[in-house]
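The values are calculated or read from the model by the stated rules, or taken from the named source; none is laboratory data. Quick caveat: nothing in here was measured; it's all calculated off a predicted structure. Methodologically, a virtual Cβ is constructed for each residue, glycine included, from the backbone with ideal geometry; neighbour enumeration extends over all protein chains shown. The protein model used for the area step is the full one, side chains on, heavy atoms only, and it has no ligands, DNA or RNA in it. Shrake-Rupley method; radii C 1.70, N 1.55, O 1.52, S 1.80 Å.
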Amino acid sequence: MESPGLRLASTMALMAEKCTTMKDLKRIHGHIIRTGLHFNTLILAKMLRFVSVSPNGNLRHAHKLFTQIQQPNTFFYNTLIRGYSKSQYPVESLHLFKIMRRNSVDPDEFTFTFLLKARSRITSLGGNEIHGEVLKCGFCSHLFVQNALIHLYASKGASVEAFKVFQETMKPDVVSWSGLVVAYLKAGELDNAQLVFNKMPVKDVVSWTAIITGYSKAKRSREALELFERMRQSGVRPDEVTMVSVISACTNLGDLEVGSNVHRYIGENGFGWMVSLCNALIDMYAKCGCVERARQVFDKMERKTLITWNSMVSACANHGNVEEAIQLFHDMTKYGFLPDGVTFLALFTAFTHKGMVEDGVRLFECMKIEYGIAAQIEHYGCMVDMLSRAGRLKEAYELILNMPIPCNDVVLGALLGACRIYGDLDMAERTVKRLLELKPDEGGYYILLCDIYMAAGRITEATAVRKTMESMKAQKTPGCSWVGSYSYDAIVG
């Protein structure tokens, strides 16, 4: 007959396994401490699993719980390493592995799978140090460790290293093949990615999505859409990520008919509720010049995110529908969405093109005072462009002088372009001096100043500028325009 102690331990383990909230977890934790079960490894394992891995867990609490475990074994380390590998702090997985080795706890194949995932999410290059540990511990022949290595190198665009691991894989599966495709895509080797993709014995939604996304990002949109058609004919059902890339290809083409066909496919195949796809459709219709269709998608959405609102505000702003953009701005705040820097950037773009300078200045102040959003270089660029176009060159220059962040050549270029339009030689000279401090070898600035002098009939000064340019051996960058302005598309597209 089972003893009361064993029965209680079994009950608590079951409760920990079925736990769904941190409130319940803390209640269980308190109870096992009061009843002396806080050393029971089964209960602790199930508790740690919830707080580390569950979407409703809490990694800070998981770390605290982990430190209370006496002599944690490989399973406990793996659980917390796994949790951190998916979190905002993947580097903590690496720190935990070092502690694990220092405490003479042996890793297993799962340790390295989670560890390699964490390393792939850390932006710095490398990964060889973990690869070395894999070899040292003898797990280089495990398929899912090899796949994790391939995907690690793929995430860094290290196609040579990924291919070496792939060659050493005895029986590569679809995950191995997909990882190699991604490695070549990340390295910008689209043709190699296509060759590997064509050789794949089995293609799943991940591999199809990877190659379609690669072509879409490379602006080879027709080919991306042709691949999507092949995918459909092969019987593999696309997912949300696939469809976002397909819409992106339509956006790049600016082909409204093709985009409308894709929209119809999305509706007919049950994707219409997905927020990310609706957001992409709004952007696609707007960039194809059909704001009305974009608004229809927006109005039909039952759930909206900040990206949704920003996409619609931007669509209206870029097409000169300033009043509608402002109304959307007020509506989003009414529905509890706080605007961000992208929202204001879209509105600044609208005000700039409409010449609504006073409204733009007020909005710029409102952004900082009412919403606590610090202006970035893009916002200052829009404001300088707005003031410059209106002939308020002195205000634009003062704004540049008072910027709390470093200025750049695009912002100054907007002012310099306006100096040419308004014939303000004094401001042009000051602006060029600032530009040449940033890029002394850029001949485009000298040429623009020379043009300004020529337009004013000051031939002597124009000739002197030419000579200075030649003595400095400055070269104009081909295809560059120094009359710059920021737009929402330039920032987010």
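Backbone geometry of the stretch 291-306 corresponds, through the Karplus equation with coefficients 6.51, -1.76 and 1.60 at θ = phi - 60°, to 3J(HN,Hα) couplings of 5, 4, 5, 4, 5, 4, 4, 4, 5, 7, 5, 6, 10, 10, 10, 4 Hz, x marking Gly and Pro.
The spread of Cα positions in the stretch 304-365, taken along each principal axis and listed from longest to shortest, comes to 30, 24, 16 Å.
Applying a DSSP loop filter and a limit of 13 other Cβ atoms within 10 Å to the trypsin sites (Lys or Arg not before Pro) in the stretch 1-63 leaves Lys18.
In this structure, the amide hydrogen of Glu442, modeled 1.01 Å from its nitrogen in the peptide plane, lies closer than 5 angstrom to no residue at least 5 positions away or on a different chain. Summing Cβ point charges (Lys, Arg +1; Asp, Glu -1) relative to the Cα centre of the chain gives a dipole of roughly 1520 debye. Within the stretch 248-334, the trypsin sites (Lys or Arg not before Pro) that combine a DSSP coil assignment with at most 13 other C-beta atoms in a 10 angstrom radius are Arg303.
Surface exposure of the stretch 212-261, expressed per residue as accessible area with a 1.4 Å probe, stands at 49 Å². Can you give the charge dipole size of the stretch 304-365 about its Cα centre, rounded to the nearest 20 debye, using +1 on the beta carbon of Lys and Arg and -1 on the beta carbon of Asp and Glu? About 140 debye.
May I ask you to give the percent of accessible area on the chain that is carbon plus sulfur, with a probe radius of 1.4 Å? Intermediate values should be presented prior to the final figure.
Working: 13420 of 24900 Å².
That fraction is 54 percent.
Farthest towards the positive end of the charge dipole of the chain, among the residues Cys278, Phe351, Thr35, is the Cα of Thr35, using unit charges on the Cβ of Lys, Arg, Asp and Glu.
Please calculate how many Å² of accessible area the stretch 375-477 carries per residue, with a 1.4 Å probe and no DNA, RNA or ligand atoms counted. Each step should come with its number before you reach the end.
Values: 5010 Å² over 103 residues.
Here the per-residue accessible area is 49 Å².
In order along the stretch 452-465, the Karplus-derived 3J(HN,Hα) couplings, from 6.51 cos²θ - 1.76 cosθ + 1.60 at θ = phi - 60°, round to 5, 4, 4, 5, 8, x, 9, 5, 4, 5, 4, 5, 5, 5 Hz, and Gly and Pro are given as x. Against the chain, whose longest principal axis comes from its Cα atoms, helix 275-287 is set at around 20 degrees. Rank Tyr422, Ile459, Ile377 by how far each Cα sits towards the positive end of the charge dipole of the stretch 375-477 (+1 on Lys, Arg Cβ; -1 on Asp, Glu Cβ) and give me just the farthest. Ranked along the dipole, the leading option is Ile459. Between the Cα long axis of helix 174-186 and the first principal axis of the chain there is an angle of about 20°, rounded to the nearest 10. Here the stretch 375-477 is treated with +1 on each Lys and Arg Cβ and -1 on each Asp and Glu Cβ, and its dipole about the Cα centre works out to around 220 debye.
Here the simple spin-label model places points 7 Å from the Cα toward Cβ, and for Arg7 and Leu42 these points are separated by 1.5 nm.
The region of the chain that goes longest without hitting one of the GluC sites (Glu not before Pro) in a DSSP loop, each with at most 16 other Cβ atoms within 10 Å, is 3-188. Each residue of the stretch 83-94 was assigned a 3J(HN,Hα) from its phi angle through the Karplus expression (A = 6.51, B = -1.76, C = 1.60, θ = phi - 60°), giving x, 5, 5, 9, 8, 6, 10, x, 5, 5, 4, 5 Hz with x at Gly and Pro.
When you have a sec, figure out the Kirkwood radius of the stretch 263-330 from all distinct Cα pair distances and drop it here in Å to one decimal?
For the stretch 263-330, the Kirkwood estimate is 11.9 Å.
Distance between the C-alpha centres of the stretch 1-66 and the stretch 193-240: 45 Å, rounded to the whole angstrom. Annotation: extensible slack from Gln167 through Val205 equals 11.4 nm (criterion: 0.36 nm per residue apart, minus Cα-Cα distance).
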